[in-house]
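The values are calculated or read from the model by the stated rules, or taken from the named source; none is laboratory data. What you see is a predicted model, and the numbers here were worked out from it, not measured in a lab. Note: ideal-geometry Cβ built from the backbone for every residue, glycine included; neighbour counts use all protein chains shown. Remember, those area values only see protein heavy atoms, side chains included, never the ligands or the DNA or RNA. Shrake-Rupley method; radii C 1.70, N 1.55, O 1.52, S 1.80 Å.
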Amino acid sequence: MKRRDFLVGLGAAASTAATGGLSAAIVGCAPKTDRALGGGFVDDGGARGHRLRDRMPMPAPRRTVRVPVVVIGGGMAGLSAAWWLQRAGMRDFVVLELEDHAGGNARWGENEVSRYPWAAHYVPVPGPRAVHVRELFAEMGVLRPDGSWDERMLCFAPQERVFAQGRWREGLEATLALSSGGVEEAKRFRGHVDRFHASGEFTIPSALGRRPSPLDALPFGEWLRREGFRSPAFLWYMEYGCRDDYGALPADTSAWAGIHYHASRDADPGPLTWPEGNGHITRHLLSRVGDRVHTGAPVHRVERAGPGVRVLAGDTEYLADAAVWAAPSFLASRLVEGAPAVDFTYSPWLTANLTLDRLPRESGFPLSWDNVLLHSQALGYVDATHQSIATREDRSVWTYYWALAHQPPRQARETLLRRPWGAWAELILADLERAHPDIRRCVSRVDVMRMGHAMVRPTPGFLASPARAALASAAGPVFYAHSDLSGLSLFEEAQHGGITAAERVLARLGGRSPAAVPTAQGATAR
Ligand SMILES: Cc1cc2nc3c(=O)[nH]c(=O)nc-3n(C[C@H](O)[C@H](O)[C@H](O)COP(=O)(O)OP(=O)(O)OC[C@H]3O[C@@H](n4cnc5c(N)ncnc54)[C@H](O)[C@@H]3O)c2cc1C
């Protein structure tokens, strides 16, 4: 998670080892544990999503609601749009969310041990150009009036470790020394990154600096090859980054996106994180606009109605002046009248929350916030109780992340649906067992979330996609906000999409936006 930082402060080390991937065997039986293991699948919206996909018949509307603005999708983009409308003084809107809980990829859970994330779990300290993120964090008290950050929310040390060659080691940088040339190649890569950063093209939000780039058409794996990167350790590190950021392998990621992660941010004091991850931000936004969020309300049709828009959700018809589409863009092609066909690829993911009744045995560097296993197809786990200020934690919840990058997305989605919970639990425990031999005696529950279209994949050519351009510049009455339009699945991009769409709604309705919020270009936002 701090990969861009470790490239800055490369340490010296030497060792030899091969890197590689563990092939996950398909296991069809229940996990082998000494005691009954609780848990199951927790994804609640899949059936509703599939009804939309399969164009199942929907009820005829039985009631009509007139409201100036409808926001479709209650993830970070939709909630940010609502937050911005409200700051502009508009209270007349509704947010319609398919799932039973708002938040999308920033949803969270809670049990007797801790709150925990279901997906997004941190936001890097925002740079000066991310003005609206800073504004939100000031409102939340994360950014103090004196410009300092609340240190309870800055990730505590130790932040990151990696399990390699039989023990835990501090930081992902430890892996660079595991094959010859790794450290040198990382230094050389850093030189590229510095030049890309200085170009001003790689920014957060990405819209501030993005311009047509030949790097968009090139696979990142090919760019690495052309630049002469060969060290298995360094290439593993790049591969891990693509899986972590985009749920994809370097061959399936554009060079523009592969570089963006490293070149887009200024040095920062570390990630901001909370036990429930970005669910903390969701909770704050819901405290502001939650009374207008309707959950369990999948939208099945959006069509023009005179100068305005008609939105159908369940048995309710909403007649509005404008709408914000903050659900994934591929659904717009199916559900929004006149929306272009979207050619985006989405990466399937699986996350699991493991409830630990006691902490397992291990050897080497101590438990950190982010814990990565080198020879794994998964991405490791984040410790939910890491930010606890208790002097001793005997129990915890670990959030295990697995981007199904090694199969084509359609096949991976089939695997997600077909493989039973017990088989997933077994694969997860077998993976962790290599680093924690007694893990099976420590875990009481494994709850699994399957996300078929978890995040957009910035494939080669993504930025040049005509559908992307058409949605991003839509003239209304439907405005598009989902983070997938940026190609970068990040909180900052979702917020930017939501606020931009809200601005356009306000302009269409002749409303006012919050006064004099400076943008990165020095103009004022409106
Ligand atoms: C495993 C994982 C880990 C991640 N970790 C991080 C992280 O640490 N930091 C970070 O910044 N980002 C992370 N992300 C990226 C995350 O996607 C973004 O940060 C952000 O939360 C995306 O917000 P969004 O609103 O654009 O999209 P989504 O979260 O996809 O929200 C879209 C919403 O629309 C709803 N919806 C869909 N169809 C309909 C319909 N027909 N009617 C009504 N509602 C509908 C969905 O249920 C959902 O709530 C992660 C993503 C994943 C998958």
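Would you call SER199 at negative phi, of a type in the set (Ser, Thr, Tyr) and touching a Ser or Thr at 6+ places or on another chain (Cβ under 9 Å)? No; evaluated as a whole, the condition is false for this residue. Residue count for the stretch 343-376 under the criterion of being over 19 Å from ALA454 (Cβ atoms), part of a strand (DSSP E or B) and open to solvent by 20 Å² or more (accessible area, probe 1.4 Å): the result is 1. Residues in the stretch 241-280 that are farther than 30 Å from SER396 by Cα, touching a Pro at 6+ places or on another chain (Cβ under 9 Å) and open to solvent by less than 10 Å² (accessible area, probe 1.4 Å): THR253, SER254, ALA255, TRP256, ALA257, GLY258, HIS260.
Condition test on GLY476, is it in a strand (DSSP E or B), touching a Lys or Arg at 6+ places or on another chain (Cβ under 8 Å) and not aliphatic (A, V, I, L, M)? Spell out how you get there, then give the answer.
Numbers: in a strand (DSSP E or B): no; touching a Lys or Arg at 6+ places or on another chain (Cβ under 8 Å): yes; not aliphatic (A, V, I, L, M): yes.
Answer is no for this residue.
LEU176 satisfies every condition listed in (1) modelled with pLDDT under 95; (2) within 16 Å of the ligand (Cβ to nearest atom); (3) within 22 Å of ALA403 (Cβ to Cβ) except (2).
Across the stretch 134-152, the number of residues qualifying as in contact with a strand residue (DSSP E or B) (Cβ under 7 Å, 6 or more places away or on another chain), within 16 Å of the ligand (Cβ to nearest atom) and open to solvent by less than 30 Å² (accessible area, probe 1.4 Å) comes to 2. Restricting attention to the stretch 294-326, the residues that are among the charged types (D, E, K, R) and farther than 19 Å from ALA501 by Cβ total 3. Listed by position, the helices (runs of 4 or more DSSP H) inside the stretch 115-220 whose residues that are under 20 Å from the mean Cα position of the chain (by Cα) number at least 3 are 131-140.
Quick check: is even one residue across the stretch 3-21 surrounded by 14 or more Cβ atoms within 10 Å (Cβ to Cβ) and at pLDDT 95 or above? Within the stretch 3-21 (the criterion being surrounded by 14 or more Cβ atoms within 10 Å (Cβ to Cβ) and at pLDDT 95 or above), the answer is no, since none of the residues qualifies.
Scan the stretch 479-514 for residues that are in a strand (DSSP E or B) and open to solvent by less than 20 Å² (accessible area, probe 1.4 Å) and jot them down. Walk me through it before giving the result.
So the first thing to find is which residues in the stretch 479-514 are in a strand (DSSP E or B), and the list is 479-480.
PHE479, the sole residue that qualifies.
Just give me the residues in the stretch 281-292 being of a type in the set (Ser, Thr, Tyr) and surrounded by 24 or more Cβ atoms within 10 Å (Cβ to Cβ), in sequence order.
Residue satisfying the conditions is THR282 alone.
Residues in the stretch 308-332 that are at pLDDT below 95 and more than 12 Å from the ligand (Cβ to nearest atom): ASP315 only.
For ARG441, the conditions (1) touching a residue at least 24 places away in the same chain (Cβ under 8 Å); (2) touching a helix residue (DSSP H, G or I) at 6+ places or on another chain (Cβ under 9 Å); (3) open to solvent by 20 Å² or more (accessible area, probe 1.4 Å); (4) not assigned by TED's automatic domain parsing to the domain that holds GLY338 all hold with the exception of (2). Per the listing THR316, THR355, the residue uniquely touching a strand residue (DSSP E or B) at 6+ places or on another chain (Cβ under 8 Å) and closer than 29 Å to SER80 by Cα is THR316. Within the stretch 160-189, residues that are acidic (Asp, Glu) reach partners that are surrounded by 15 or more Cβ atoms within 10 Å (Cβ to Cβ) and part of a loop (DSSP other than H, G, I, E, B) with beta carbons closer than 6 Å, at six or more positions or on different chains, in the pairs GLU160/LYS2; GLU160/GLY171; GLU160/SER368; GLU170/PHE365; GLU185/PHE229; GLU185/SER231. Counting just the residues of the stretch 75-106 that are assigned to a loop (DSSP other than H, G, I, E, B) and touching a Ser or Thr at 6+ places or on another chain (Cβ under 7 Å), which one comes out surrounded by the most Cβ atoms within 10 Å (Cβ to Cβ)? The extreme case among them is GLY103. Just wondering, is there one or more residues in the stretch 95-116 that are within 16 Å of the ligand (Cβ to nearest atom), at pLDDT 95 or above, more than 14 Å from VAL324 (Cα to Cα) and polar (S, T, N, Q)? Yes, that holds for at least one residue.
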